[in-house]
Amino acid sequence: MSQEKDEILKNVITVISQALKVDVSKIHSNCSLIKDLGAESIDFLDIVFRLEKVFKIKIPKGELFPEKLLTDARFVKAGQVTTEGLAELKNRIPGADWEAFGRDPQVSNLGNLFTVGMIVEYLSKKLATVSP
Amino acid sequence: MSAPRSSRRRQACPASGVLGVDLVEFERAGEFYRSNKNCLGDFLSRSEKRFVDGSSRPHEALALLLAAKEAVFKALDLPWMGTEGFKAIRIGMRPGALKASFRLGAGLSGRLDRKVPRVLFFKKTNRFVVAAFAAKSHEMETAGSF
């Protein structure tokens, strides 16, 4: 991992540790926020706002979490993400484990994709586009 | 605090359908409120924000709204959809009133059948609030007080 990503990971772990009251030693890149760290909605909100403050960025609607996608009939049918939807999600959130998700593409499984590593990937790309 | 009997007609929960339940602890909501009170507008509607800001216990009001929204999310079997997703589920409360209502924003309303009643319950204790949403469709009915 590059030095910049290392630094981003360190800061993300600190943010998540503070938001979820979990020891930093228990948080690593592969941890799922929901399955492994027990995050709930209020925690997701808290994490997003803390990340914005720490990294001095604004996370626009629909960028980190694909809310509009999930209500688009092209991308979700009968509670499952369609092939088109999967392609769109991969494009929007490249850092997630889409192979695992693709084996059982239930919308309700999307929450498992929100890992520490996914957030680091997102921030890494976001910060690279923000001019100093 | 148990929900008082309403003089209004009370809808029974549908025998089959969807159910979402969520609990938010007041201590957690308090921490969140203190850190993020300037960001409430990012995920609450204007009336919801007024409900929180106008309450003598804003963290409890916030806990109720978050629990109610999350209960609806769970009933709709959706993953967390960000701040906009939260905004799309609007909870209507008046301080001291016995009624909660909600409205689904564009994109979510189609997920529920329009013809069958739905019920939003909540129960408040000293430490937390629990919200439960039961529905098979789009009609609204409420029970509970806050």
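The values are calculated or read from the model by the stated rules, or taken from the named source; none is laboratory data. These numbers come from a predicted model, not from an experiment. Note that each Cβ is placed from the backbone with ideal geometry, even for glycine, and that neighbours are counted across all protein chains shown. These accessible areas exclude ligands, DNA and RNA; they are computed on the full protein's heavy atoms, side chains included. Shrake-Rupley method; radii C 1.70, N 1.55, O 1.52, S 1.80 Å.
Results for (1) open to solvent by 20 Å² or more (accessible area, probe 1.4 Å); (2) under 16 Å from A:Glu121 (Cα atoms); (3) touching a residue at least 24 places away in the same chain (Cβ under 8 Å), shown as yes or no for each residue.
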{"position": "A:Asp6", "(1), (2), (3)": "yes, yes, no"}
{"position": "A:Leu33", "(1), (2), (3)": "no, yes, yes"}
{"position": "A:Glu40", "(1), (2), (3)": "yes, no, no"}
{"position": "A:Asp43", "(1), (2), (3)": "no, no, yes"}
{"position": "A:Ala78", "(1), (2), (3)": "yes, no, no"}
{"position": "A:Thr82", "(1), (2), (3)": "yes, no, no"}
A:Val54 being among the β-branched types (Val, Ile, Thr) and within 11 Å of chain B (Cβ to nearest Cβ): no
When segment A:84-106 is examined, which residues are found to be within 13 Å of chain B (Cβ to nearest Cβ) and within 15 Å of the chain's Cα centre (by Cα)? A:Leu89, A:Arg92, A:Ile93, A:Ala96, A:Phe101
Of the candidates B:Leu104, B:Leu66, the one satisfying the condition of being buried (at least 24 other Cβ atoms within 10 Å of the Cβ), at pLDDT 60 or above, within 14 Å of chain A (Cβ to nearest Cβ) and over 20 Å from A:Gln80 (Cα atoms) is B:Leu66
Given the criteria surrounded by fewer than 17 Cβ atoms within 10 Å (Cβ to Cβ) and outside any loop (DSSP other than H, G, I, E, B), does B:Ser47 qualify? yes
Would you pick out the residues in segment B:21-44 that are open to solvent by less than 20 Å² (accessible area, probe 1.4 Å), more than 9 Å from chain A (Cβ to nearest Cβ) and either in contact with a Cys (Cβ under 9 Å, 6 or more places away or on another chain) or under 17 Å from B:Lys87 (Cα atoms) (or both)? B:Leu40, B:Leu44
Options B:Leu23, B:Leu44: the member that is among the hydrophobic types (A, V, I, L, M, F, W, C), more than 13 Å from B:Lys124 (Cα to Cα) and modelled with pLDDT of 90 or more: B:Leu44
From A:Val48, A:Val15, residue being in contact with a Gly (Cβ under 8 Å, 6 or more places away or on another chain), at pLDDT 90 or above and outside any strand (DSSP E or B): A:Val48
Does A:Leu110 satisfy the criteria of being of a type outside the set (Val, Ile, Thr) and at pLDDT 90 or above? no
Here are some conditions: (1) out of contact with any helix residue (DSSP H, G or I) (no Cβ under 8 Å at 6 or more places or on another chain); (2) surrounded by fewer than 16 Cβ atoms within 10 Å (Cβ to Cβ). A:Met118 meets all but one. Which one does it not meet? (2)
What residue, among those in segment B:70-98 that are modelled with pLDDT of 75 or more and among the charged types (D, E, K, R), is least open to solvent (accessible area, probe 1.4 Å)? B:Glu70
